[in-house]
Amino acid sequence: MHFTSEQDLDAGITEREFTLGDTSGILWTPPAASTSGPVPLILMGQPGGFGIRRMYPRLSARARSYAAKGFAAVTIELPGAGGRSPLPGAEQARADLRRALSAGELPGEDVIDRLILPLVERAVPEWQITLDELLSRPEIGKQVAFSGGVIAIAVRLAAIDPRVVAAGLFAGSYVPRTTIAEARQVTIPLHVLLQWDDEGNDRQMALDLFDAFGSTEKTLCANMGGHT
């Protein structure tokens with residue numbers, strides 16, 4: 001992990017940009033973070049296809065909120081986003097998804113798989129490599145949570161990586177059938193946010209995913225209104 005910039009924000013928060021292999025990211029640490037007092041870490045997910053620069057105001061606001069509660073936070077550039085090379089077939093899958101939605105139809109499982117699964121297959125190992133690096137730093141503690149989306153990425157990571165001990169998930173994207181199957185392996189405490197009238201996603205699919213989670217401690221918070 002190579003840090004490329006560092007700046008001090010208000011309230012003693014430090015923001016550092018980094019590169020790691022083919023990806024890049026941003027780490028925010030609260031003033032309490034030190035070698036004698038390591039702080040827990042939140043992995044901040046973001047929507048696919050937008051990129052850190054476009055999402056920076058929202059990501060920074062979330063990170064500042066976490067820092068005020070004593071958490072470090074990190075986000076990474078997702079495959080196919082920002083300046084990274086597009087994922088093969090992603091644009092065609094998005095076009096097929098838009099075509100189905102504009103026709104008032106549910107997208108087929110094949111469309112969802114082509115759009116989501118390549119992203120999951122690439123993003124999850126990159127999150128794990130990032131986690132390997134950050135957990136080796138003395139100011140970062142061993143408690144890790146995931147917050148945000150893409151929800152299929154979060155489900156895969158929570159299902160296979162025991163270092164993630166809690167998650168706050170955003171139910172704001174379509175999920176492959178394999179993601180619902182993987183959710184049965186997730187047993188950590190969960191808090192899932194759902195927009196009830198999300199115009200671009202399927203409410204029943206989100207509810208099915210929530211039902212599938214194997215966690216005994218899980219909460220669904222549904223808000224009226226659309227995706228944003």
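Averaging 1/r across all pairs of distinct Cα atoms in the range 123-215 and inverting the result yields a Kirkwood radius of 13.7 Å.
Using a Debye calculation, one point per C-alpha and no hydration shell, please list log10 I(q)/I(0) for the range 29-118 at q = 0.19, 0.21 Å⁻¹ in order. So the normalised log intensities are -0.89, -0.97. Look at the Cα gyration tensor of the range 177-228: its axes a ≥ b ≥ c give a/c of at least 1.5 with a/b at or below b/c, and that counts as oblate.
For the range 109-167, which whole percent of the accessible surface, found with a 1.4 angstrom probe, sits on carbon and sulfur atoms? Display every interim value, and only then the final one.
Values: 1290 of 2250 Å².
Carbon and sulfur: 57 percent of the exposed surface of the range 109-167.
In square angstrom, what is the accessible area per residue of the range 17-94 with a 1.4 angstrom probe? Walk me through the numbers before you get to the answer.
Values: 3410 Å² over 78 residues.
Per residue, the range 17-94 has an accessible area of 44 Å².
Full extension of the chain segment joining residue 208 with residue 32 gains 59.4 nm, where the gain is 0.36 nm per residue of separation less the Cα-Cα distance. Restricting the trypsin sites (Lys or Arg not before Pro) of the range 1-78 to loop positions (DSSP other than H, G, I, E, B) with no more than 16 neighbouring Cβ atoms within 10 Å leaves 69. What is the angle, in °, between the Cα long axis of helix 151-160 and the longest principal axis of the Cα atoms in the chain? Nearest 10 is fine, range 0 to 90. That works out to roughly 60 degrees. Build a GNM of the chain with springs between Cα atoms under 10 Å apart, and of 129, 151, 180 the one that fluctuates most is 129.
Using 0.36 nm times the number of residues separating residue 136 and residue 163, minus their current alpha carbon distance, what extension gain do you get?
Stretched fully, the residue 136-residue 163 segment lengthens by 8.4 nm.
Based solely on its DSSP helices, what 222 nm [θ] is calculated for the chain when runs of n ≥ 4 H residues each add -39,500 (n - 2.57) and the sum is averaged over all residues, nearest 500 deg cm²/dmol?
Working: 6 runs with 84 residues, N = 228.
So the calculated ellipticity at 222 nm is -12000 deg cm²/dmol.
The angle between the Cα long axis of helix 52-68 and the longest principal axis of the Cα atoms of the chain comes to about 60 degrees, rounded to the nearest 10.
Amide H to amide H, with H built 1.01 Å from N, residue 39 comes under 5 Å of 34, 140, 141, counting only residues 5 or more places away or on other chains.
The values are calculated or read from the model by the stated rules, or taken from the named source; none is laboratory data. Note that the coordinates shown come from a computational prediction; the quantities given were computed from them, not determined experimentally. Neighbour counts are summed over all protein chains in view; Cβ atoms, including those assigned to glycine, are modelled from backbone coordinates with ideal geometry. Heads up: the accessible areas ignore ligands, DNA and RNA and are worked out on the full protein's heavy atoms, side chains in. Shrake-Rupley method; radii C 1.70, N 1.55, O 1.52, S 1.80 Å.
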